[in-house]
1. Ranked highest first by the average count of other Cβ atoms within 10 Å around their residues, in what order do 109-115, 55-61, 27-33 fall?
2. Would you mind getting me the FRET efficiency between residue 31 and residue 107? Use the beta-carbon distance for r and R0 = 30 Å, nearest 0.05.
């Protein structure tokens, strides 16, 4: 028993909606799996030594989750449009998505670093100005 065309369209629209926030959606999916079946973490070599660190912060889990999720999205789309899944095409699309996400993450990290540097420079300048003011007040007082 297959899906009707309307059902297939609903699945594709759902994938498209979830894909716009693929990192969060994919991570939630895997976290839910580990909540239901904690032993499933042992199936992932990169999680075996994760210790008590929160899984939602584990960079390899995020990357893996996005990879699986986007590959599934692309495969569903291909299957609907062509009746076949070409792994190479899905992989190329996945690679493009991952590259874009990595570029965005690097840009966000750079912005954070720049903001932290600017804040530190402002703090240092204010401290230097305060020291100068205090030194001038001490000279005036003597």
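1. For the peptides 109-115, 55-61, 27-33, the packing ranking is 27-33, 55-61, 109-115.
2. Working: r = 26 Å, r/R0 = 0.86.
The computed FRET efficiency comes out at 0.70.
Each reported figure results from applying straightforward, stated rules to the coordinates on display, with no laboratory input. As the structure is a computational prediction, the values presented were derived from the model and not from experiment. Note that each Cβ is placed from the backbone with ideal geometry, even for glycine, and that neighbours are counted across all protein chains shown.
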